[in-house]
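What follows is a short report on a single structure.
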Amino acid sequence: MFKLSKLTDYAVVVLVRLARESCVQTSPGIAASTGIPEPTVAKVLKILAGGGLVSSQRGAHGGYRLARPLALIPVADVIAVVDGPIALTACVDGGGCDSQRFCPMHGRWDPVNAAIETALRGISLAEMDAAIPRAFRLPVPTQAEAERLGAD
């Protein structure tokens, strides 16, 4: 089964949440507004900052913000930053296996992998966000409200 990690799923949620406000947001505030535990949000933000998808601001009024708009963040970029390169099998990512030399499928997964990566590069986080039905969209608390909720 081809399955994304929970951290990648959380990263998408965090990035979409960051897009809701133009100001910097803190990990406790994001955690309170998304329901993701704060240590997990902090870990995801650190990974996303390291991958250049978010920028951080230190200090008393510090926090995180998107490094570029959701429309310019393909799903493939999030997966690559959090989970590493998209690779269906070990031979696709160059890892190889014990029977690679005799394997009749060696190299045959490359077009499948390329098609999946192309599809994921063609879907932006803005498109994913826009596809959420209106009935499932909850009012988004402001940063101050989210931090107050997290403190309760």
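The values are calculated or read from the model by the stated rules, or taken from the named source; none is laboratory data. What you see is a predicted model, and the numbers here were worked out from it, not measured in a lab. Counting neighbours? That spans all protein chains shown, and the Cβs are built from the backbone with ideal geometry, glycine included.
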Filter result (loosely packed, with under 14 Cβ neighbours inside 10 Å and part of a helix (DSSP H, G or I)) within the stretch 122-132
Glu127, Ala130
Could you tell me whether Ala19 is within 13 Å of the chain's Cα centre (by Cα), more than 19 Å from Met128 (Cα to Cα) and either surrounded by fewer than 20 Cβ atoms within 10 Å (Cβ to Cβ) or of a type in the set (A, V, I, L, M, F, W, C) (or both)?
no
Residues in the stretch 32-79 that are in a helix (DSSP H, G or I) and at pLDDT 95 or above: how many?
21
Filter the stretch 22-54 down to residues that are of a type in the set (Gly, Ala, Ser) and either under 18 Å from Val81 (Cβ atoms) or free of Cβ contacts under 8 Å to residues at least 12 places away in the same chain (or both) and give me whichever is surrounded by the fewest Cβ atoms within 10 Å (Cβ to Cβ).
Gly35
